[in-house]
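Structure first, commentary second.
Values quoted throughout were computed directly from the atomic coordinates according to the rules given, and no laboratory measurement underlies them. The model shown is predicted, which means the values in this text are computed figures rather than measured ones. Cβ atoms come from the backbone with ideal geometry, glycine included; neighbour counts cover every protein chain shown.
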Amino acid sequence: MLDDYVRVTITGRALSGVVALPRAALQDNDTLWINQDNALDIRRVSLAWKDRETVYIASGVSPGEQVITSGLAAPVQGMPLKTGNDQPAIPETPEKRPEPDGDPK
């Protein structure tokens, strides 16, 4: 028996209609943090399966929704969010910068 090996195939059912996410996206009590119109939506989801690296969501989130995977210090439902894609507004008039001689142009 020692040093004996067996090749095994386990057949399971295929999961359809699930959303696969990194395990780190799943928060306490099977919730996800969703960016909904730049506000935090803390949403309970139903899991179809989870393993060490991935969670498979059966319901509660749709493809295309923005799931927050970074940590939030004190998440509160509805709190305003700012993503890394947010760009500062472009000023209407260019800023006057001093020339090397010290005079603004």
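So what is Rg over Rh here for the range 19-67, counting just Cα atoms and using Kirkwood for Rh?
Ratio value, two decimals: 0.93.
Count the net charge of all other residues whose Cβ sits under 12 Å from the Cβ of Ile34, scoring Lys and Arg as +1 and Asp and Glu as -1.
Here the charged neighbours net out to -1.
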